Amino acid sequence: MATLSHHHGLRLFMLSCVLVGVLCKDLAETHHTIEVSSLLPSASCKPSATKGARKTSSLKVAHRHGPCAPGSQNPNSQAPQLTHDDILRADQSRVDSINSRMTSKPPLVTRLDDVRESKTTDIPSKSGRTVGSGNYVVTLGLGAPWKQMTLIFDTGSDLTWTQCKPCVKQCYQQREPMYDSMASASYRNISCTSDACSHLTTTTGIDPDCSASTCVYGIQYGDSSYSVGFLAKDKLRVTTTDTFDSFIFGCGQNNQGHFGQSAGLLGLGRDKLSFVEQSAAKYGRYFSYCLPSSLSSTGHLTFGKGSRGSNVKFTPLATIKEAASFYGINIEGINVGGRVLSISASTFSNAPAIIDSGTVITRLPPTAYAALKNAFKQGMSKYPKAPALSILDTCYDMSAYTTVSIPKVGFSFNGAGNIDLDPSGILYATDASQICLAFASNSDDTDVIIYGNVQQQTFEVVYDIEASRIGFLAKGC
Ligand SMILES: *[C@@H]1O[C@H](CO)[C@@H](O)[C@H](O)[C@H]1NC(C)=O
């Protein structure tokens, strides 16, 4: 029935195109006509056929709450169901934490037990690294013999860590068997006197500790999730051909928080201890990812340059001096339904802006958000409204429609020109009766502007750090 009426709608649409040629061409340029069902996730995994760029190392990316995540079909390891409200609330704590890293607001102090039974370490959450809920996972191998581990990848933090037996303090439930340092022939502790250990202060924002000459790291994330453990090195296996013999990572002995059932985190920030820097000799500080259009599809995370067409639109990579591990960008404008919104240039230059793989919803300065929302509402006036969903205040009830026509939304980045978002990057759907504009307002014009992962969906986003630029290629997965 749904398919039938969809075809019928499409035929009517095409017929009216023939009748009013010019108007229709305009409509196709300024609007997306989409099936409502395409915005809703399905219960089974439908992997994308598009692979990462040739001659490079590519990992499959899945949403960790979706059916494509490794082990998600195993009935014994079902994660507690998160609501969209939970996801969006966690997203706000990530954003709050990114903002506190960029300002010198007084630190909130949280007490955490470190791995040494007798001692406690104060971990200021001001310097907390950031992890939200709407994150994506990839699967790598660690140790000899190697064990599979599924990690959340995060461009907003640097240290890679995994839960580590014997879990001196406590570990959360994860889907895969836990990495056991004792069972790996190539595992080594890193000493307190090493450069890597002293560098932890920059990497995690927290001074390292020392336990019987082994370096102890602690990292806390915005939503009070944390990991504490030994700084270690072991063999990291990215693909069958790409391994790194002495990869430095955190062997987490005390881990709690919103990591779902993943084994830990893959840090893709710009700091010296991040995966990007540790693999620089092989991959040349070049990686890209494509985040799938829904929870039930897959994308890729690809390391190394490979052969990419000339269609990538690049914008210069900016450095945020208060938080140098973030990837800074410059937004110059927004357009809706083919019209450039009138937003003064200073609106975007008054606040730092970053692109982040872990923030779900793009955060805009209040004046820019208001302009976007008003223009979008005008283009959507024929659809019935629906209640707000957490931080998303512009929602529609589309349950009576099979297909809808929505205004296109594009972002222009310095040097890259306008980039038209995929429909999955414009709307966030809980179900057909509540489909919301997938943007949110910052509370202050000086808050950090964040280009979030919903808006990045289906693009191959290229991080060419060596050439200091960020690129976008449409239809990347
Ligand atoms: C690593 O250091 C910890 C803490 O000192 C110690 O308990 C553990 O046995 C060490 N592991 C190895 C393989 O040296």
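The values are calculated or read from the model by the stated rules, or taken from the named source; none is laboratory data. No experiment lies behind these values; they were computed from the predicted model shown. Quick reminder, even Gly has a Cβ in these numbers, built from the backbone with ideal geometry, and neighbours come from all protein chains shown.
Go through (1) in a strand (DSSP E or B); (2) within 16 Å of the ligand (Cβ to nearest atom); (3) of a type in the set (Ser, Thr, Tyr) for Tyr289 and report which single condition fails.
(2)
Given (1) in contact with a strand residue (DSSP E or B) (Cβ under 8 Å, 6 or more places away or on another chain); (2) outside any strand (DSSP E or B); (3) at pLDDT 80 or above, where does Ile87 come up short, assuming only one miss?
With respect to (1) in contact with a strand residue (DSSP E or B) (Cβ under 8 Å, 6 or more places away or on another chain); (2) outside any strand (DSSP E or B); (3) at pLDDT 80 or above, Ile87 is out only on (1).
The rows are residues; the columns are (1) aliphatic (A, V, I, L, M); (2) closer than 24 Å to Ser97 by Cβ; (3) touching a His at 6+ places or on another chain (Cβ under 9 Å).
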| position | (1), (2), (3) |
| --- | --- |
| Ala185 | yes, no, no |
| Ser198 | no, no, no |
| Gly205 | no, yes, no |
| Ser227 | no, yes, no |
| Ser246 | no, no, no |
| Asn255 | no, yes, no |
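Would it be correct to say that Ser405 is under 17 Å from Leu295 (Cβ atoms), out of contact with any Phe, Trp or Tyr (no Cβ under 7 Å at 6 or more places or on another chain) and not in a loop (DSSP other than H, G, I, E, B)?
Judged against the criteria, Ser405 is not a match.
Of all residues in segment 380-420, count the ones that are touching a strand residue (DSSP E or B) at 6+ places or on another chain (Cβ under 7 Å), surrounded by fewer than 18 Cβ atoms within 10 Å (Cβ to Cβ) and basic (Lys, Arg).
1
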